[in-house]
Structures are given as structure tokens and as C-alpha cells.
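Shown next, in C-alpha cells, is the structure this report addresses.
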Amino acid sequence: MIDGPYFVLTVLGVLGTGMTAGAFYAFSAFVMRGLAALPPAQGVAAMNAINRAAVRPAFMLLFLGTAVLTAVIAVVTFVLWPDGAAVELLLGSALYLFGSFGVTAAANVPRNTALLRLEPGTAEAAGQWPTYVREWTAWNHVRTGASAAAAVAYVLALT
């Protein structure tokens, strides 16, 4: 079992990845369904408002802070290679860094940027909205699962 400062880093990793999974899960479970039920102009406007609000400290500290933390855990694991927990720690870090942070950067953010360029009440926005919702939500499922799996891997490292 890991202990000391390494234990604290891992507990923080569980919290960060788990909280991020929860935020993403809310979008997959009901936020996107609610937005998709709105007329396209309202859905686009609401999602753009959400995307602007997401890049504020409350979420970014959690999301980016957890990315930094999981990278630190991975580096420390390579250096110290703790008995019985290294695989779980590296797996948790990889899941979050690639499956959550990487997917966000490669799939969700580009879609958000494209949506922000659309004028909500236009025919173009109405035409793009269903595709945006379907694709964005599919990628959100991936990052939700990756964040949750990272949390589980870190919990397993603690046992």
C-alpha cells in the first residue's frame, strides 16, 4: 500500500478525476438532452453560454489542475515505482490525460469553437445543431468513462 505524500497525491487524484467524471456525467445524462429538446436557436445560444462559463476558474482549476496532478502522479510513479500500485497509478493517469483531457482538446473544444462562430437564429446554426449535439455528446461519453475509470484505477492503487 502506498503512503505518505504519495498517498495524498493519489487521494487528490481520486477526487479530481471523480469530480470531473461527475461534471461530464451531468452533461451526458441530462444537460445535453435538455438542450437538444430546445429549438435550435435556443439550444445553440444556451450551449454557447455554457461553453463561455466553463472556461472560468471554478471548472478550469478542477479540469486543468487534475491534468497536472495526474501527470505528476505518472512521473512520480515512474521514478519511485511503488510496489503493487504502479500499474493502477499509470493506468489512472493515462486514462485521464488521454481519455479526458486529450479527448476534450481534440474533440469537444473544436466543436465548441465551431459552435461559437454560429449565429444562433440562422439556418446554418439550425442545420449544424443536431450534428453538434450527437457528436459532442458521444465524445463526452468517452471522457466521462475515462475520468470515472481513472478514479477507479486510483482507488485500486490505494488498496
Open item on the list: Using the basic label-point model (7 angstrom from Cα toward the beta carbon), what is the THR131 to ALA37 distance in nanometres?
Closed with: 2.6
TODO: Putting +1 on Lys and Arg Cβ atoms and -1 on Asp and Glu Cβ atoms, find which of ALA53, PHE7, VAL72 reaches farthest to the positive end of the dipole of the chain.
DONE: ALA53
- [ ] Please give, to one decimal in nm, the separation of the simple spin-label points placed at ALA53 and THR122, each 7 Å out from Cα toward the Cβ.
- [x] 2.5
- [ ] Could you work out how far helix 123-158 tilts from the main Cα principal axis of the chain, as a 0 to 90 degree angle to the nearest 10?
- [x] 10
- [ ] Choose one of ALA85, GLY99, ALA126: the residue whose Cα lies farthest towards the positive end of the charge dipole of region 4-158 (beta-carbon charges +1 Lys, Arg; -1 Asp, Glu; about the Cα centre).
- [x] ALA126
- [ ] State in Å² the accessible area per residue of region 1-132; use a 1.4 Å probe, count heavy atoms of protein chains only, and round to the nearest integer.
- [x] 52
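What's the carbon and sulfur percent of the chain's accessible surface, probe 1.4 angstrom, rounded to a whole number? Write out the running numbers ahead of the final one.
On the way: 5940 of 8070 Å².
Result for the chain: 74 percent of the exposed heavy-atom area is carbon or sulfur.
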- [ ] Report, in degrees rounded to the nearest 10, the 0 to 90 angle that the Cα long axis of helix 57-80 makes with the longest principal axis of the chain.
- [x] 30
- [ ] May I ask for the angle, rounded to the nearest 10°, between helix 40-54 and the longest principal axis of the chain, with both axes built from Cα atoms and the value confined to 0 to 90°?
- [x] 30
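The values are calculated or read from the model by the stated rules, or taken from the named source; none is laboratory data. If you're wondering where the values come from, they're calculated on a predicted model, not measured in any experiment. Counting neighbours? That spans all protein chains shown, and the Cβs are built from the backbone with ideal geometry, glycine included. Just the protein is used for accessible areas: all its heavy atoms, side chains included, with ligands, DNA and RNA removed. Shrake-Rupley method; radii C 1.70, N 1.55, O 1.52, S 1.80 Å.
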